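Colleague: Below you'll find the structure I mean.
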Amino acid sequence: EAGDLLRALGRLLSCSAGWKYLARVVGLCVCMDPQLERFADTLALAGIDITQPFDVRWYNAHAIEHSLPLSPLPTFERPPSDGTLAVLLGNSTALWPAFLRWLAAQPDPESVTDPLDTYTASVISAAVADLTGGARHDIFWVTDSSRLVSMQRVALVSGLCYHDAETQLSIHPAFGAWVAFRAVVVLDAPAARFGDSPPPLVRCLLTDADKASARDAMAAALRASDEANLCTQLHGAKGMERDVRLAWAALRDCVTVGRDHRYSEAQLVYHYTKDREVLMHAMRAQPAAT
């Protein structure tokens, strides 16, 4: 019965309408106005099904409190009492079929550079342009190491995910470890409706068995990394890189919650290795559009 309840909750939380319903039932402060709701719904249709509004103040204060080497997110000189509205964007397994459909529609799919990043950037940029109408904003991409934002910390302070310090996994109450973050969008708009304090942190979602499995998987991944480094030193090659990445990916399988939302094997392998052959095979295996 508990498993059935969790699966039903997962289905409820896998769409923006479900989040809105649950917010009304349990009093969560989602606080999305009609423009943000349309923004979230547009992105969900493209597979970006995680849209979490938050106040920039929460993230900036968290970084200071924990002495994290992170630059603050911009506030656009808004009065501190107003706060500054931002949105964390990410996806569950829902991204994969939408992405494959887009890729198959390209004139020459095999020539697209960084196809997944290209797809998510184009979808998010178009939705943000529609949302802002030219008003000031800033987008921080997970792929841009020159402007580092800890998406995991944003997910933590906004009440979206539990953050496990040992594995560094962000664990969603419905999707479990099967989430990926794409961008943080900061808007020149107030966030005072959230109140001065951030929401309660998501409680630990790992069982004792999960923690034990994660420790074993972490040790195996570290061993694989050490062996790969030795291989590179001895042979000057990256012969074990794929195995190393999949060893780290195995950490996600240690989390019980959200297993119904596990990535397909093709999505998982491509997510960690960017193997073009795997991607092209998955694209061709998709049912033809009707």
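The values are calculated or read from the model by the stated rules, or taken from the named source; none is laboratory data. On a predicted model such as this, the values are computed, not experimentally measured, just so you know. Because the Cβ atoms are built from the backbone with ideal geometry, glycine has one as well, and the counts that use them run over all protein chains shown. Heavy atoms of the whole protein, side chains included, go into the accessibility calculation; ligands, DNA and RNA do not. Shrake-Rupley method; radii C 1.70, N 1.55, O 1.52, S 1.80 Å.
Colleague: Quick one: would you say Ala189 is touching a residue at least 12 places away in the same chain (Cβ under 8 Å), small (Gly, Ala, Ser) and in a loop (DSSP other than H, G, I, E, B)?
Modeller: When the stated conditions are applied, Ala189 passes them.
Colleague: So how many residues does the range 257-278 have that are surrounded by fewer than 17 Cβ atoms within 10 Å (Cβ to Cβ) and either among the polar types (S, T, N, Q) or assigned to a loop (DSSP other than H, G, I, E, B) (or both)?
Modeller: Final tally of qualifying residues: 3.
Colleague: Right, here's the next one. Got a number for residues in the range 159-175 being of a type outside the set (Gly, Ala, Ser) and open to solvent by 30 Å² or more (accessible area, probe 1.4 Å)?
Modeller: 4
Colleague: I'm trying to understand the selection: among the residues of the range 196-251, which are within 30 Å of Thr84 (Cα to Cα) and at pLDDT 90 or above?
Modeller: Answer for the range 196-251, where residues must be within 30 Å of Thr84 (Cα to Cα) and at pLDDT 90 or above: Pro198, Pro199, Pro200, Leu201, Val202, Arg203, Cys204, Leu205.
Colleague: Moving to a separate point now. Among the residues of the range 196-213, are any in a loop (DSSP other than H, G, I, E, B), closer than 17 Å to Leu73 by Cβ, touching a residue at least 12 places away in the same chain (Cβ under 8 Å) and in contact with a Gly (Cβ under 6 Å, 6 or more places away or on another chain)?
Modeller: Looking for residues that are in a loop (DSSP other than H, G, I, E, B), closer than 17 Å to Leu73 by Cβ, touching a residue at least 12 places away in the same chain (Cβ under 8 Å) and in contact with a Gly (Cβ under 6 Å, 6 or more places away or on another chain), one finds none in the range 196-213, hence no.
Colleague: Which residue is least open to solvent (accessible area, probe 1.4 Å), if the candidates are limited to the range 279-290 and must be in a loop (DSSP other than H, G, I, E, B) and either touching a strand residue (DSSP E or B) at 6+ places or on another chain (Cβ under 6 Å) or more than 19 Å from Ser111 (Cβ to Cβ) (or both)?
Modeller: That would be Ala288.
Colleague: Could you give me the residue pairs with C-beta distances under 8 Å whose first residue belongs to the range 116-140 and is touching a residue at least 40 places away in the same chain (Cβ under 8 Å), whose second residue is part of a helix (DSSP H, G or I) and among the small types (Gly, Ala, Ser) wherever it lies, and which are 6+ apart or on separate chains?
Modeller: Ile139/Ser125
Colleague: Hey, another quick one. If you scan the range 136-173, which residues turn out to be small (Gly, Ala, Ser) and at pLDDT below 95?
Modeller: Across the range 136-173, the qualifying residues are Ser145, Ser146, Ala165.
Colleague: Based on this model, can you work out whether Val202 counts as among the β-branched types (Val, Ile, Thr), surrounded by fewer than 19 Cβ atoms within 10 Å (Cβ to Cβ) and touching a helix residue (DSSP H, G or I) at 6+ places or on another chain (Cβ under 9 Å)?
Modeller: It is true that Val202 is among the β-branched types (Val, Ile, Thr), surrounded by fewer than 19 Cβ atoms within 10 Å (Cβ to Cβ) and touching a helix residue (DSSP H, G or I) at 6+ places or on another chain (Cβ under 9 Å).
Colleague: Here is a further query. Among residues belonging to the range 99-157 that are among the polar types (S, T, N, Q) and assigned to a helix (DSSP H, G or I), point out the one that is least open to solvent (accessible area, probe 1.4 Å).
Modeller: The residue in question is Thr120.
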